[in-house]
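What follows draws every value from the coordinates through simple rules; no lab data is involved. Just so you know, these numbers come straight off a predicted model, no measurement behind them. Cβ coordinates were reconstructed from backbone atoms using ideal geometry, including for glycine residues, and neighbour counts include every protein chain displayed.
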Amino acid sequence: MSDFVIETQGLTKVFTDFWGRRKHTAVKSLDLQIERGEVFGFLGPNGSGKTTTMKMLLGLLYPTSGTARVLGKDPAHIGTKERIGFLPEESYLYRFLTAVETLEFYGKLFGIPRADRKRRAQELLEIVGLKDAMHRPVREYSKGMARRVGIAQALINDPEVVFLDEPTSGLDPLVSRRMKDLILDLKRQGKTVFMSSHLLADIEDVCDRVGIMHLGELRANGPLRDMIRIQDKTCLVVHGLAPNRRLEIAQAIEAADGLLEDITDQKRSLEDLFLGVIGQDKEDGRR
Amino acid sequence: MKRRLEALALGILRSPAGPVLAMAGLTLRESVRRKVFLTIAVFAVVMVGATALLPAIDPRDRVALIQTWAQRSITFFGVLISVFLAGVSLPEDIEEKRVFMLLTKPLSRWQLLTGRFAGFAGLLAVFLAATGLVSTGFIRVVAARSGGTISPVSEVRALQTRIEQEKPGSVVTAESSEAVPFFGTVRGEGETIAVWYFRNLDPSDFDDSVRLRYDFNLTGPGGVQFADLVFYLRPPAEETDTDAARALGWKVTFERQIVPGQPLPGRVAYRSETAKARVPGEIRIPKAWIRSGSIDVGVKRAKPSTNLDVESWNVSFLTRAHSFEMNFARGLMCTFLMWIVLLSITLAGSTFMTAPVNILFGVSVFVMGNMIGFIRESLPTVDERIVMATKADEEAVRHGHSHGETDDIPVPVLKASLAVSRAVMGLIPDLNAYDASGTMLRGLDVPGSRIRDNGLTALAFAGGALLIGIAALRLREFR
Ligand SMILES: Nc1ncnc2c1ncn2[C@@H]1O[C@H](COP(=O)(O)OP(=O)(O)OP(=O)(O)O)[C@@H](O)[C@H]1O
Ligand SMILES: [Mg+2]
């Protein structure tokens, strides 16, 4: 058909009540095309239909109308599931299993041989920083720790396409940073990432392309860089400029027919500050 | 060798059975972690301990009582597992959204359901093995200490039963084959005799003296308790008044004619026996007499004052005693099949019902399944009513009466209700049919044919229920 990894046409979901009466249109005639190797950010306010779309792409919900294709097949196709990974909004885990057991169980569902399964589980636990707690039952985990098990299980099969529903929610800034690095890693390996979030900074950090949902409709869709660039504004970042020499710069800009709006000190992001303060300690004694 | 095993394990893991087994393993592990096995162990101890509270009665009966108690309580606990544990597992996965993680993996919906099924069936098997072993051991000890014997025997039924008149020229008044249940009564002054025709005896099943079991219902004025009965047999021609026959209480003569139309003089062996109403008794015959595999057993009343009810099962041969352990295991096997039926039905229900609704459903199936046998038995009465009502209608038409005058239920309504109830009842498994404790309590073997029949119905119900469950699960969305 086409070589889009994810493709929807007129995808619509109407939630009905027990008697089949229409209650709510969660997704309206959605057309999406995502190419191999893209990191796609799916944005939108609460209740705009992000999770509903993702569930249709995963075969958990059936579309009311329209079609969805993942890797060229119907989302319900079992062969497709071998090649995808999914991190739900929250981690829904078996509380009586430990982190290792959880990963090995999911590994078994993929038919991964025992030795590979064990190795892969260890690797992933290392990546998400759960090595020390891996033999404790998930019941005892904090929200963020459970979330990290969720991330690890989404990658157990080394998937080609990864669906991440709010991947950074509930994570501390360090793990959140690591999550974003992980996404960039996946991109480098040529994998496709479909992620939803309303943490705009996160999307900005990792996504190539974004779509913005509102009330079930896709309101904007395009390459992130183009979309946030303001055509006729230019930003200069200057190092080592003495404060008393700023005036000269302003005059030079005016002479070139530019309109100077503001001159400020560059700030680092709070994230960078936080990581600077906390990061080093945490790097040694990972929880 | 090791490499071949590994290759085999990998093959299974990659096959469609792989995810099913993974799900089954998860189910068992969940049971371990949730202390189900601990509860089972505690249960086994309590079950055995509770027998101390059973009334102190004659040792033989005590063993039977303990056996019944053990079987009933094991059955019930297994029912609890099938309904309360199995019935909520899938609804919990759905409610707590773990199913999102499962179904986005290469785990088909049919594999999810059959995996759960396999897991719980395994759990039930472990439970059965554990409690079965504990209670068998315990019963052995009790039996040894009280000197009771607990070896069950198999019963061989007559191929045909008849009531005949012992007068020249008389005809058979009633008869049956094994397939058709027989019921008749020997009554009145006439020289009437009831005869059971055995054609299917295998001499190697018997000891040197063959055990003949009888159990009669006696009726008559003033509530009859005892009756003197005379048993007649026709031994093979070369068998005469041997020591063996005399030692077992038989007299062999040439004079008596028992059944009209038989060549005279008939060689006849006979002996008297005082039978208690509804209390089984036993007499023995020499093994040589059944060498050909067939023999006819006639029973007559010594005095015509009592009536003798005659059914196919009143007289039977008992084969050599089997081991108690084997038989208990066979009885528990039937129980296991009942659990499988219940388990598959609750699992099927759990694909579209919430946990509490499904528990109610499972309990209802269990209760109805235990009553359905009795209800089915009453259906022939409705059949009779239809026949009678049809006749009455025809009469009415012939005599020019209109339909409306009869206050009976109209035939079409009766027929429709019968058809509906037959259909509905076909959907409900007869769970009593899987309860072998009655047979075992009577000291009888649970026949292999029964296990086979139970196995087939269980297979049909489990297969049907799981298919319905899979269909429901495939239609389902997970919000
Ligand atoms: N099971 C359901 N029944 C009825 N309506 C539902 C159901 N699930 C979701 N909805 C509705 O569909 C809309 C979209 O929900 P969805 O979960 O897709 O939003 P979302 O974009 O993921 O929001 P959030 O950012 O809060 O996660 C919401 O208005 C919600 O109320
Ligand atoms: Mg959401």
Each label point is 7 Å from the Cα along the Cα-to-Cβ direction; what then is the distance between the points at B:L475 and A:D31, in nm?
3.4
Could you state the angle between the C-alpha long axis of helix B:379-398 and the longest principal axis of the C-alpha atoms of chain B, as a value from 0 to 90 degrees rounded to the nearest 10?
70
Electrostatic dipole magnitude of segment A:32-166 [Cβ: Lys, Arg +1; Asp, Glu -1; Cα centre; debye, to 20]
320
Cβ-derived FRET efficiency at R0 45 Å, B:E395 paired with B:V45, nearest 0.05:
0.10
Could you tell me how many degrees, from 0 to 90 and to the nearest 10, lie between the Cα long axis of helix A:99-109 and the main elongation axis, the longest principal axis, of the Cα atoms of chain A?
60
Segment A:142-219 -> Rg/Rh from Cα coords, Kirkwood Rh, value 0.96
Of A:K55/B:K105; A:K55/A:K191; A:K28/A:K233; A:K108/A:K180, which sit over 24 Å apart, Cα to Cα?
A:K28/A:K233; A:K108/A:K180
Taking every residue in B:91-99, how many Cβ atoms of other protein chains lie within 10 Å of its Cβ, on average?
2
Computed from every Cα-Cα pair in the protein assembly as shown, P(r) in 10 Å bins starting at 0 and rounded to whole percents is 2, 10, 15, 15, 14, 11, 9, 8, 6, 4, 2, 1, 1, 0, 0
Please list, ordered by chain and number, the residues whose modelled amide H lies under 5 Å from the amide H of A:H24; skip anything fewer than 5 residues away on the same chain.
A:F15
In whole Å, what is the distance between the alpha-carbon centres of segment A:106-124 and segment A:226-258?
54
Aspartates and glutamates whose Cα lies under 13 Å from that of B:K300, excluding same-chain neighbours fewer than 8 positions away
B:E164, B:E166, B:E189, B:E191, B:D228, B:E273, B:D309
Residues of A:63-70, mean number of Cβ from any other protein chain within 10 Å of their own Cβ, rounded to a whole number?
0
Beta carbons within 10 angstrom, averaged per residue: use that to sort the peptides A:216-224, A:145-153, highest first.
A:145-153, A:216-224
Check the straight Cα-Cα distances from B:K415 and name the lysines below 17 Å, setting aside those fewer than 8 residues away within the same chain.
B:K391
For peptides B:452-460, A:68-76, A:162-170, A:13-21, sequence by mean Cβ density within 10 Å, most packed first:
A:162-170, A:68-76, B:452-460, A:13-21
Given just the C-alpha atoms of segment B:272-381, how large is their convex hull per residue in cubic angstrom?
221
Excluding same-chain residues fewer than 8 positions from B:K287, which lysines have a Cα within less than 19 Å of its Cα?
B:K251
Per principal axis, largest first, the Cα atoms of chain A extend in Å by 68, 50, 35
Using a Förster radius of 60 Å, what is the FRET efficiency between A:R139 and B:S272 based on their Cβ-Cβ separation? Nearest 0.05, please.
0.20
For segment A:27-99, compute Rh as the Kirkwood radius over C-alpha pairs and then the Stokes-Einstein diffusion coefficient at 37 °C and 0.692 mPa s; write the answer in µm²/s, rounded to an integer.
232
Please work out the C-alpha center-to-center distance from segment A:16-95 to segment B:180-238 and express it in whole Å.
76
Give me the inter-chain shielding for A:91-101: mean count of other chain Cβ atoms within 10 Å, whole number please.
4
Using alpha carbons only, how many degrees (0 to 90, rounded to 10) separate the axis of helix A:246-255 from the longest principal axis of chain A?
90
Give, rounded to the nearest 20 debye, the magnitude of the charge dipole that the protein assembly as shown has about its Cα centre when Lys and Arg contribute +1 at Cβ and Asp and Glu contribute -1 at Cβ.
1440
Alpha carbon centroid spacing (whole Å) that separates segment B:424-472 from segment A:137-201:
50
Tell me, what does the Kirkwood hydrodynamic radius of chain B come to in angstroms if you use every pair of distinct C-alpha atoms?
26.9
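What does the C-alpha gyration tensor say about the overall shape of segment A:162-287? Classify as rounded when a/c is under 1.5, otherwise prolate if a/b is larger than b/c, or oblate. Provide the component values of the computation, followed by the final result.
Details: a/c = 2.81, a/b = 1.41, b/c = 1.99.
It is oblate, given that a/c is not under 1.5 and a/b is not larger than b/c.
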Ranked from highest to lowest mean number of other Cβ atoms within 10 Å per residue, what is the order of the peptides B:422-431, A:247-256, A:50-59, A:177-186?
A:50-59, A:177-186, B:422-431, A:247-256
